[in-house]
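Take this structure first; my questions come after.
The values are calculated or read from the model by the stated rules, or taken from the named source; none is laboratory data. As the structure is a prediction and not an experimental result, all values here were calculated from the model. For neighbour counting, all protein chains shown are included, and Cβ atoms are generated from backbone atoms with ideal geometry for every residue, glycine included.
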């Protein structure tokens, strides 16, 4: 099968013909229709996440069709369309798994990082960690929901009833979450790279009530802010923007160091939290919400062999929405 392979951290992906995987016990073999390109893929390729499986097929926002099943599979049948997310396996026995926090399992395995992912024609996945997808979603539009949508949703849930929500870094996750938040009556304030007028216009087009530079103060105090950009200095900016009692959620898996800041920014019961991975319950809940909420997913399509170009555009901040590899018809 065709695949884009990371052979050494820091190098470009290589187009390779590799053996087709075979499903083991409890696994499904998926013909990949589309796989979105996530900033986490960049962190893996660039070595900002330690000890990836090598050689590795990246990609963890997979939409595909089940074409074979291993022994013990009972959740899916041949022909079913499934989504394969970042969380690929957990032990089920540790204190985190036993308390509904499988996203923190110390033995967890992750698609496109410690397990081969979806930058390929075929992928295998544990049936227990796959999602059934809403029928009305096209594969290319559904793919970014498998991480950008899921992580955005988990981060948003942490903000509770926050009415005025700031989003720092306006890409795949933020443009999906903006539409979801607006559908629930929230105001979204979008923060982009300084001078990125096109991104600010894009943010307003999907429902942001205000958009400006990440260094700017919003026109009103925020109840909460979510940071999707991997820039530690934005934590300080967001703390300055939220009101007393406000929350700043760090939504990425990797971020540059947070600079020191005066205690007065944290005082008055402001809080900082992070989001790690996802749980299967997050996914089931999110896709139920997505099925009844109109969400327009903006995508830029790439061929499988153009994965490096998609990653470079993401690195440069040149995407409005999500990059998606279109692999099979």
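Would you mind stating whether residue 155 is under 24 Å from residue 9 (Cβ atoms) and either in a helix (DSSP H, G or I) or touching a strand residue (DSSP E or B) at 6+ places or on another chain (Cβ under 6 Å) (or both)?
On the way: under 24 Å from residue 9 (Cβ atoms): no; either in a helix (DSSP H, G or I) or touching a strand residue (DSSP E or B) at 6+ places or on another chain (Cβ under 6 Å) (or both): yes.
So residue 155 does not fit the description; no.
Look through 91, 97, 105, 147 and report the one residue that is surrounded by fewer than 19 Cβ atoms within 10 Å (Cβ to Cβ) and touching a helix residue (DSSP H, G or I) at 6+ places or on another chain (Cβ under 9 Å). It would help to see each step written out before you state the result.
Working: 97 fails: surrounded by fewer than 19 Cβ atoms within 10 Å (Cβ to Cβ); 105 fails: surrounded by fewer than 19 Cβ atoms within 10 Å (Cβ to Cβ); 147 fails: surrounded by fewer than 19 Cβ atoms within 10 Å (Cβ to Cβ).
From the options 91, 97, 105, 147, the qualifying one is 91.
Kindly indicate which of 186, 182, 193, 204 is touching a residue at least 60 places away in the same chain (Cβ under 8 Å) and either assigned by TED's automatic domain parsing to the domain that holds residue 224 or surrounded by fewer than 24 Cβ atoms within 10 Å (Cβ to Cβ) (or both).
Working: 186 fails: touching a residue at least 60 places away in the same chain (Cβ under 8 Å); 182 fails: touching a residue at least 60 places away in the same chain (Cβ under 8 Å); 204 fails: touching a residue at least 60 places away in the same chain (Cβ under 8 Å).
One residue alone meets the criteria, 193.
Moving to a separate point now. State whether one or more residues within the range 313-323 are out of contact with any helix residue (DSSP H, G or I) (no Cβ under 9 Å at 6 or more places or on another chain), under 30 Å from residue 58 (Cα atoms), modelled with pLDDT under 95 and surrounded by fewer than 14 Cβ atoms within 10 Å (Cβ to Cβ). Give the steps one after another, and end with the answer.
Filtering the range 313-323 down to residues out of contact with any helix residue (DSSP H, G or I) (no Cβ under 9 Å at 6 or more places or on another chain) leaves 313, 316.
From what's left, under 30 Å from residue 58 (Cα atoms): 313, 316.
Still in the running and modelled with pLDDT under 95: 316.
From what is left, the residues that are surrounded by fewer than 14 Cβ atoms within 10 Å (Cβ to Cβ) are 316.
Yes, the range 313-323 contains at least one residue that is out of contact with any helix residue (DSSP H, G or I) (no Cβ under 9 Å at 6 or more places or on another chain), under 30 Å from residue 58 (Cα atoms), modelled with pLDDT under 95 and surrounded by fewer than 14 Cβ atoms within 10 Å (Cβ to Cβ).
To continue, here is another question. I need the full set of residues from the range 135-144 which are surrounded by 24 or more Cβ atoms within 10 Å (Cβ to Cβ) and over 17 Å from the mean Cα position of the chain (by Cα), in order please. Walk me through how you get there before you give the answer.
Initial filter on the range 135-144 (surrounded by 24 or more Cβ atoms within 10 Å (Cβ to Cβ)): 142-144.
Result: no residue meets the conditions.
Moving on to the next point. I'm trying to understand the selection: among the residues of the range 294-312, which are surrounded by fewer than 18 Cβ atoms within 10 Å (Cβ to Cβ) and within 17 Å of residue 139 (Cα to Cα)?
Those that are surrounded by fewer than 18 Cβ atoms within 10 Å (Cβ to Cβ) and within 17 Å of residue 139 (Cα to Cα): 294, 296, 298, 300, 301, 303.
Can you tell me which residues in the range 272-312 are out of contact with any helix residue (DSSP H, G or I) (no Cβ under 8 Å at 6 or more places or on another chain), in a strand (DSSP E or B) and farther than 19 Å from residue 101 by Cβ?
Within the range 272-312, the subset out of contact with any helix residue (DSSP H, G or I) (no Cβ under 8 Å at 6 or more places or on another chain) is 274, 281, 284, 288, 291-292, 303-310, 312.
Then drop every residue that is not in a strand (DSSP E or B), which leaves 274, 303.
Residue satisfying the conditions is 303 alone.
Look at residue 24 and say whether it is at positive phi and not in a strand (DSSP E or B). Can you show your working first?
Details: at positive phi: no; not in a strand (DSSP E or B): yes.
Taking the combined requirement at face value, the residue does not satisfy it.
Could you tell me which of the residues 198, 229, 224 is in a loop (DSSP other than H, G, I, E, B) and either surrounded by fewer than 22 Cβ atoms within 10 Å (Cβ to Cβ) or at negative phi (or both)?
On the way: 198 fails: in a loop (DSSP other than H, G, I, E, B); 224 fails: in a loop (DSSP other than H, G, I, E, B).
Among 198, 229, 224, only 229 is in a loop (DSSP other than H, G, I, E, B) and either surrounded by fewer than 22 Cβ atoms within 10 Å (Cβ to Cβ) or at negative phi (or both).
Can you find even one residue in the range 76-88 that is buried (at least 17 other Cβ atoms within 10 Å of the Cβ), closer than 19 Å to residue 285 by Cβ, at pLDDT 95 or above and out of contact with any helix residue (DSSP H, G or I) (no Cβ under 8 Å at 6 or more places or on another chain)?
Yes, some residue in the range 76-88 is buried (at least 17 other Cβ atoms within 10 Å of the Cβ), closer than 19 Å to residue 285 by Cβ, at pLDDT 95 or above and out of contact with any helix residue (DSSP H, G or I) (no Cβ under 8 Å at 6 or more places or on another chain).
So is residue 137 over 17 Å from residue 310 (Cβ atoms) and either in a loop (DSSP other than H, G, I, E, B) or in the same structural domain as residue 20 (by TED's automatic domain parsing) (or both) or not?
yes
Can you tell me which of (1) without any contact (Cβ under 8 Å) to a residue 60 or more places away in the chain; (2) in contact with a helix residue (DSSP H, G or I) (Cβ under 6 Å, 6 or more places away or on another chain) is the one residue 167 doesn't meet?
Every condition holds for residue 167 apart from (1).
Pairs under 7 Å by beta carbon, first residue in the same structural domain as residue 170 (by TED's automatic domain parsing) in the range 229-242, partner surrounded by 21 or more Cβ atoms within 10 Å (Cβ to Cβ) and part of a helix (DSSP H, G or I), six or more apart or different chains?
Going by the 7 Å Cβ cut-off, the qualifying pairs are 230/39.
Here's another thing I want to ask about it. Which members of the range 1-21 meet the condition of being without any contact (Cβ under 8 Å) to a residue 60 or more places away in the chain and part of a loop (DSSP other than H, G, I, E, B)?
Across the range 1-21, the qualifying residues are 7, 8, 9, 10, 11, 19.
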